[in-house]
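**Q** Have a look at the structure that comes next, please.
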Amino acid sequence: MTTDYKNIKVHFTVSGKGRSVVLLHGFLENLGMWDEISKVLSLKYKVICIDLLGHGKTESLGYIHSMEDQAKMVKFVLNEQKIRKSILIGHSMGGYIALAFAQLFPKNVKGICLLNSTPAPDNEEKRKNRDRAVIAVKKQHTNFVKMAIPNLFSEENRHRLKKEIDAVTKEALKTSVQGIAAALEGMKIREDRSRFLYQTDFPVLVVISKNDPAIDVIDLEEQVRSSKAQNLILWDGHMSHIENTHEVIHGLSKFCKEVYKS
């Protein structure tokens, strides 16, 4: 399905019936990353998967896609579908967007899951790395993607999951240079939403992978301990929907069930 938003096409899918669960993919991904998870969740819920700005089949809106820009686009899609309240599940960048959405539209949130994501902003070193990445993407985006994707997996899984990594890389290579650069710029300037995580009243699940190369795991575990959030601890890398598929599906299904029981 597509809709027109600010003169661009936004692509999304809707499957299943019942209460709503919104799945937001990460950087260099598209809504196809949710295929296995959506298949299970849509047996009990209405599942909405959205290609975020500059990713998948959704066009770019500008040269910086802030997390707030992304959240407002998600809200537009949900309004069109007449969906008032949802659980939002976001992987990596999708988690940043879920938090931005919750801060902008708290009355429209039933619960949030951060899947290999964090409420913390980029530190100075990571912001500099984003700037370097933008330069690298503009010079040779194919090389950037081919290097970036394997490094999201735990070291032990890079050989074992070579077929899956190749498939993810192939999808990531479809992302335009503008879409990649705009996402990098948007993630670089995102707000610190740690305090928001502590203060929020709705249920939060944080899925943490012990060998996640993209996140400061120790800091994230401390943030979760200081908040009311639940956690699910896994043992592989940043791509837990691939590296720990069964555990992720079980954890997300359980979280959704608990949220909609309350």
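**Q** Considering region 66-98 alone, what residues qualify as being in a helix (DSSP H, G or I), within 20 Å of residue 130 (Cβ to Cβ) and not aliphatic (A, V, I, L, M)?
**A** Correct list: 68, 69, 70, 94, 95, 96.
**Q** In contact with a Phe, Trp or Tyr (Cβ under 9 Å, 6 or more places away or on another chain) and open to solvent by 80 Å² or more (accessible area, probe 1.4 Å): does that describe residue 244?
**A** Considered against the rule, which asks whether it is in contact with a Phe, Trp or Tyr (Cβ under 9 Å, 6 or more places away or on another chain) and open to solvent by 80 Å² or more (accessible area, probe 1.4 Å), residue 244 comes out as no.
**Q** Looking at (1) buried (at least 21 other Cβ atoms within 10 Å of the Cβ); (2) within 25 Å of residue 249 (Cα to Cα); (3) hydroxyl-bearing (Ser, Thr, Tyr), can you tell me which one residue 15 breaks?
**A** Result: residue 15 fails condition (1) only.
**Q** Could you please find all residues in region 55-80 being surrounded by fewer than 17 Cβ atoms within 10 Å (Cβ to Cβ) and of a type in the set (S, T, N, Q)?
**A** Result: 79, single match.
**Q** If the requirement is being of a type in the set (Phe, Trp, Tyr) and part of a loop (DSSP other than H, G, I, E, B), which of these qualifies: 101, 27?
**A** Details: 101 fails: part of a loop (DSSP other than H, G, I, E, B).
Going through 101, 27 in turn, just one is of a type in the set (Phe, Trp, Tyr) and part of a loop (DSSP other than H, G, I, E, B): 27.
**Q** Which numbered condition trips up residue 230, out of (1) within 24 Å of residue 128 (Cβ to Cβ); (2) in contact with a Leu (Cβ under 8 Å, 6 or more places away or on another chain)?
**A** Answer for residue 230: the failing condition is (1).
**Q** Residue 167 is checked against (1) of a type in the set (Gly, Ala, Ser); (2) closer than 25 Å to residue 102 by Cα; (3) free of Cβ contacts under 8 Å to residues at least 24 places away in the same chain and fails just one. What number does that condition carry?
**A** (2) is the only condition that residue 167 fails.
**Q** Now for a different question. Residue check: is residue 201 farther than 28 Å from residue 72 by Cβ and open to solvent by 40 Å² or more (accessible area, probe 1.4 Å)? Before the answer, list the steps.
**A** Working: farther than 28 Å from residue 72 by Cβ: no; open to solvent by 40 Å² or more (accessible area, probe 1.4 Å): yes.
Here the answer is no, as residue 201 does not meet what is asked.
**Q** Please go through region 24-54 and pick out each residue that is surrounded by fewer than 20 Cβ atoms within 10 Å (Cβ to Cβ) and out of contact with any strand residue (DSSP E or B) (no Cβ under 7 Å at 6 or more places or on another chain).
**A** 32, 35, 36, 39, 40, 43, 44
Conditions (1) within 17 Å of the chain's Cα centre (by Cα); (2) surrounded by fewer than 13 Cβ atoms within 10 Å (Cβ to Cβ), marked per residue:
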position	(1), (2)
125	no, yes
138	no, no
148	yes, no
157	no, no
165	no, no
174	no, no
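**Q** Has region 222-233 got at least one residue that is more than 22 Å from residue 125 (Cβ to Cβ), of a type in the set (D, E, K, R) and open to solvent by less than 80 Å² (accessible area, probe 1.4 Å)? I'd like the intermediate steps shown before the answer.
**A** Narrowing region 222-233 to residues more than 22 Å from residue 125 (Cβ to Cβ): 224-233.
Filter once more, so that each one left must be of a type in the set (D, E, K, R): 225, 228.
Going one step further and asking which of them are open to solvent by less than 80 Å² (accessible area, probe 1.4 Å), we end up with none.
Scanning region 222-233, I find no residue that is more than 22 Å from residue 125 (Cβ to Cβ), of a type in the set (D, E, K, R) and open to solvent by less than 80 Å² (accessible area, probe 1.4 Å), so the answer is no.
**Q** Would you check which residues across region 204-221 are open to solvent by 20 Å² or more (accessible area, probe 1.4 Å) and either within 15 Å of the chain's Cα centre (by Cα) or of a type in the set (D, E, K, R) (or both) and list them?
**A** 210, 214, 215, 216, 219, 221
**Q** Only one of 56, 16 is without any contact (Cβ under 8 Å) to a residue 40 or more places away in the chain and on the phi > 0 side of the Ramachandran plot; which? It would help to see each step written out before you state the result.
**A** Details: 56 fails: without any contact (Cβ under 8 Å) to a residue 40 or more places away in the chain.
Going through 56, 16 in turn, just one is without any contact (Cβ under 8 Å) to a residue 40 or more places away in the chain and on the phi > 0 side of the Ramachandran plot: 16.
**Q** Name the single residue that is farthest from the chain's Cα centre (by Cα) among those in region 84-105 being in contact (Cβ under 8 Å) with a residue 60 or more places away in the chain and farther than 24 Å from residue 181 by Cβ. Let's see the steps before the verdict.
**A** Quick first cut of region 84-105, residues in contact (Cβ under 8 Å) with a residue 60 or more places away in the chain only: 85-100, 102-103.
When the remaining residues are screened for being farther than 24 Å from residue 181 by Cβ, the result is 85-89, 102-103.
On the way: 85: 18, 86: 15, 87: 13, 88: 10, 89: 7, 102: 14, 103: 16 Å.
Result: 85.
**Q** Could I ask something else about it? Taking the condition of being open to solvent by less than 10 Å² (accessible area, probe 1.4 Å) and hydroxyl-bearing (Ser, Thr, Tyr), how many residues in region 83-109 meet it? Before you say what the answer is, go through the steps one by one.
**A** Start the filter on region 83-109 by keeping residues that are open to solvent by less than 10 Å² (accessible area, probe 1.4 Å), which leaves 86-91, 93-95, 97-102, 109.
Going one step further and asking which of them are hydroxyl-bearing (Ser, Thr, Tyr), we end up with 86.
Matching residues across region 83-109 total 1.
Results for (1) more than 17 Å from residue 94 (Cβ to Cβ); (2) touching a residue at least 60 places away in the same chain (Cβ under 8 Å), shown as yes or no for each residue.
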| position | (1), (2) |
| --- | --- |
| 214 | no, yes |
| 217 | yes, no |
| 223 | yes, yes |
| 227 | yes, no |
| 231 | yes, no |
| 237 | no, yes |
| 240 | no, yes |
| 250 | yes, no |
| 258 | yes, no |
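The values are calculated or read from the model by the stated rules, or taken from the named source; none is laboratory data. What you are looking at is a predicted structure, and each value in this text was computed from that prediction instead of being measured. All Cβ positions, glycine included, derive from the backbone under ideal geometry; neighbour counts span all protein chains shown. Heavy atoms of the whole protein, side chains included, go into the accessibility calculation; ligands, DNA and RNA do not. Shrake-Rupley method; radii C 1.70, N 1.55, O 1.52, S 1.80 Å.
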